[in-house]
Amino acid sequence: DAKTTQPPSMDCAEGRAANLPCNHSTISGNEYVYWYRQIHSQGPQYIIHGLKNNETNEMASLIITEDRKSSTLILPHATLRDTAVYYCIVRAGGGSYIPTFGRGTSLIVHP
Amino acid sequence: KAGVTQTPRYLIKTRGQQVTLSCSPISGHRSVSWYQQTPGQGLQFLFEYFSETQRNKGNFPGRFSGRQFSNSRSEMNVSTLELGDSALYLCASSLQPQSTDTQYFGPGTRLTVL
């Protein structure tokens, strides 16, 4: 399964857009890109996922490059409650699969 | 719809003891996966159960085991506890196997081994 690379930390001003990048250069054609976030000591929360098209939901937007080797999670108007560790993972489209979460990006939203 | 629930939320044990953690998946979900999270190793996959059968297993010693019941509820057991087993244990459920479906996580059980 493809591995992902994320910056260890980022910060963002409240009310501005937070753009969190993820590199998954070895992704296979049937693998999905998933984003979760984890607020301190809570369980990870599902945010969004996509295969090759850009996706948007009430929480965020996911932009996947045409070659699918990288993606960006966009929180359009970050709030203090968005401070969390954000994980980008690549999930198989079936078969045997061992999820690998990596270290994620610690996003700090400041006033 | 209720989310994934885990009991107990906090647990303190001593070395050598065993522990059983419980997970109730979202109603209708048939897959339950377990993870261990520590500051040093991050979030690591333990195993997955689907329709009462273990589908996948991570790289953990045999002291870590689990099972799933016919109502999809799952338990994991750790025997002969070691100090390094202190961690947040997370359970996640999905409708289908987690290789093909979105997982939703519970709040976790914080285990402290003294």
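Where a number appears in this text, it was derived from the coordinates with a stated rule and is not lab data. Since the model is a prediction, treat every value here as computed from it, not as a measurement. Note: ideal-geometry Cβ built from the backbone for every residue, glycine included; neighbour counts use all protein chains shown.
Could you line up A:I39, A:I74, A:I89 from fewest to most neighbouring Cβ atoms inside 10 Å?
Arranged by neighbour count, lowest to highest, A:I39, A:I74, A:I89 become A:I39, A:I74, A:I89.
According to the square roots a ≥ b ≥ c of the eigenvalues of the Cα gyration tensor, what is the shape class of segment A:69-111, taking rounded for a/c under 1.5, prolate for a/b larger than b/c otherwise, and oblate for the remainder?
prolate
Relative contact order of chain A: what whole-number percent is it, with Cα pairs under 8 angstrom and at least 6 residues apart?
Working: 279 pairs, mean separation 41.4, N = 111.
Relative contact order here is 37 percent.
Per the Kirkwood treatment, what hydrodynamic radius in Å, one decimal, follows for the protein assembly as shown from the mean inverse distance over all distinct Cα pairs? Can you show the working numbers first?
Details: mean 1/r = 0.0554 Å⁻¹.
18.0 Å is the Kirkwood radius here.
Taking 2.2 N^0.38 Å as the expected size of a compact globular protein, what ratio does the Cα radius of gyration of chain B give against it, to two decimals?
0.99
Starting from the Cα gyration tensor of chain A, take the square roots of the eigenvalues, sort them a ≥ b ≥ c, and report rounded, prolate or oblate (rounded when a/c is under 1.5, otherwise prolate if a/b is larger than b/c, else oblate). Walk me through the numbers before you get to the answer.
Values: a/c = 1.98, a/b = 1.58, b/c = 1.26.
Prolate.
At what distance in angstrom do the alpha carbon centres of segment A:77-111 and segment A:1-58 lie from each other?
Centre-to-centre distance over Cα atoms comes out at 5 Å.
So for the pair B:R73, A:K52, with labels modelled 7 Å out along Cα→Cβ, what separation do we get in nm?
4.5 nm
Go ahead and run the numbers for FRET between B:Q96 and A:I63, Cβ-Cβ distance against an R0 of 25 Å, rounding to 0.05.
On the way: r = 27 Å, r/R0 = 1.06.
Here the calculated transfer efficiency is 0.40.
Partner chain Cβ atoms within 10 Å, averaged over the residues of B:38-44 - can you pull that number for me? Write out the running numbers ahead of the final one.
Values: counts 0, 0, 0, 0, 7, 12, 4.
Mean shielding count: 3.
Just give me a number: lysine pairs in the protein assembly as shown, eight or more positions apart or cross-chain, with C-alpha atoms less than 22 Å apart. Present the calculation step by step, with values, prior to reporting the outcome.
Details: A:K3/A:K52; A:K3/A:K69; A:K3/B:K57; A:K52/A:K69.
Lysine pairs meeting both conditions in the protein assembly as shown amount to 4.
Under 4.7 Å Cβ to Cβ, no partner at all: give me those cysteines from chain A, in residue order.
Cysteines lacking a close Cβ partner in chain A: A:C12.
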